[in-house]
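Comments concern the structure below.
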Amino acid sequence: MSGLRELLSFRPGDARLADVDPRSTPGLPGNHVVGDDPKRWSQTRVAAISEELNAYQERLFASAKEGATNRRVLLVLQAMDCGGKDGTVRNVTQGMSPAGMKAVSFGPPDEEERRHDFLWRIRRALPSAGHIGIFNRSHYEDVLIVRVHDLIGEDVWAQRYEQINAFEAEMAADGLTMIKIMLHISKEEQKKRLLARLDDPSKHWKYNPGDLDERARWDDYQRAYDDALNRCSTTAAPWYVVPADRKWYRNWAVATLLRDTFADIDPQYPRPDFDVAAERAKLLAAD
C-alpha cells in the first residue's frame, strides 16, 4: 500500500470520523514543494496526475480487448451534502477519455428498483471490462439514508453490512478494483458552502431547501457513517477518508489515491496476435 493510501486508510474497530480533522492535509509534500499558492500547485499536480490516469485508462481498455481480462475500476464517492463529489470528479478525470468512463448518481430508488433487492441497481451500473466507473453516492445510501430517516426497520438495514461485504468481495474476485472514498467535511464548511449557493444567483439551482433538514440530522449521519466505515472497510474493498474542507487538497488526494491504485493494477497493452514486422513490410510494399 502506498504512503498516502496508508495515511488515509480507515482502520475498522472503534475509529470515528470525528477523529479526522476535515482541514488537515495528510501526506502533503513539504511547504518548500507546495509553495505559497497551494491551489495553483494542486491544479498543476492534479492535471499531471490526470494525464497519468489517461495512460492507465488506455492500457486498461486495451488489456480487456476481446475478453483477455475482466479488469475494471470503480471509484465510489460518499459525502455529506456539499462534500464536493461533483467537483472532485471534474478535477480528477479532466485528462481521461469519457468513452471509457461512466459516472452514475444514485438517488431514491424508483418503482422498478424497489421491486428488487437493494444491490440490484448497483450490479446493473457496474463498469464493464476495461472501463472505469464512478459512483456519486452508492449502495451505502442503503445503510445511511434508510437508517437516519427510519425508512426501514433496523432488522433489515443491519443485515446489509454483511451483504455489502459479500458483494464487494465477490466483485473483487471477479476483477473489479473498488476505491471507496469518504469526502469528509466539517459542519462549519458545509454551512459556508450552502451560504455560497444562496449568495450567488448562478448557484441557486444547486440549493435545495431540504438540505437544511438533512443538516439537522448531522450527528445521526455521522454515527451512520461511523458504523458503515467500521463494518465495511475490508481487505477486498477498503475505505479511505479524505479531509475535504480544503478543495485543493481533496482533489490532489483523490487523484493520488486513484493513480496509486492503478499503479498496483499495472494494466499492460496486449501482445499482438500477428507478425508486426511482416505486416509493416506488407504495408510499405503496398500502393
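The values are calculated or read from the model by the stated rules, or taken from the named source; none is laboratory data. Please read these numbers as outputs of a predicted model, since none were measured by experiment. Cβ coordinates were reconstructed from backbone atoms using ideal geometry, including for glycine residues, and neighbour counts include every protein chain displayed. Side chains included, ligands, DNA and RNA excluded: accessible areas come from the protein's heavy atoms. Shrake-Rupley method; radii C 1.70, N 1.55, O 1.52, S 1.80 Å.
Table for the structure above
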item: Residue ID - least open to solvent (accessible area, probe 1.4 Å), chosen from residues in the range 59-79 that are in a loop (DSSP other than H, G, I, E, B) and polar (S, T, N, Q); result: Thr69
item: Odd one out for Ile152 among (1) surrounded by fewer than 15 Cβ atoms within 10 Å (Cβ to Cβ); (2) closer than 25 Å to Ala216 by Cα; (3) under 21 Å from the mean Cα position of the chain (by Cα); result: (3)
item: Residues being surrounded by fewer than 20 Cβ atoms within 10 Å (Cβ to Cβ) and either in contact with a Ser or Thr (Cβ under 9 Å, 6 or more places away or on another chain) or aliphatic (A, V, I, L, M) (or both) - total across the range 155-176; result: 9
item: Filter pass, Glu141 being in contact with an Asp or Glu (Cβ under 7 Å, 6 or more places away or on another chain), surrounded by 13 or more Cβ atoms within 10 Å (Cβ to Cβ) and in contact (Cβ under 8 Å) with a residue 12 or more places away in the chain; result: no
item: Residue within the range 120-136 that is part of a loop (DSSP other than H, G, I, E, B) and either free of Cβ contacts under 8 Å to residues at least 40 places away in the same chain or touching a Cys at 6+ places or on another chain (Cβ under 9 Å) (or both) present; result: no
item: Restricting the range 80-127 to residues that are under 19 Å from Lys180 (Cβ atoms) and hydroxyl-bearing (Ser, Thr, Tyr), the residue that is least open to solvent (accessible area, probe 1.4 Å); result: Thr88
item: Among (1) within 15 Å of the chain's Cα centre (by Cα); (2) within 27 Å of Gly130 (Cα to Cα); (3) surrounded by 15 or more Cβ atoms within 10 Å (Cβ to Cβ); (4) not aliphatic (A, V, I, L, M), the one test that Tyr56 misses; result: (1)
item: Failed criterion for Ser202 (all others in (1) outside any helix (DSSP H, G or I); (2) surrounded by fewer than 17 Cβ atoms within 10 Å (Cβ to Cβ) hold); result: (1)
item: Test: residue in the range 204-216 that is touching a residue at least 60 places away in the same chain (Cβ under 8 Å), out of contact with any Lys or Arg (no Cβ under 9 Å at 6 or more places or on another chain) and either hydroxyl-bearing (Ser, Thr, Tyr) or closer than 18 Å to Val73 by Cα (or both); result: no
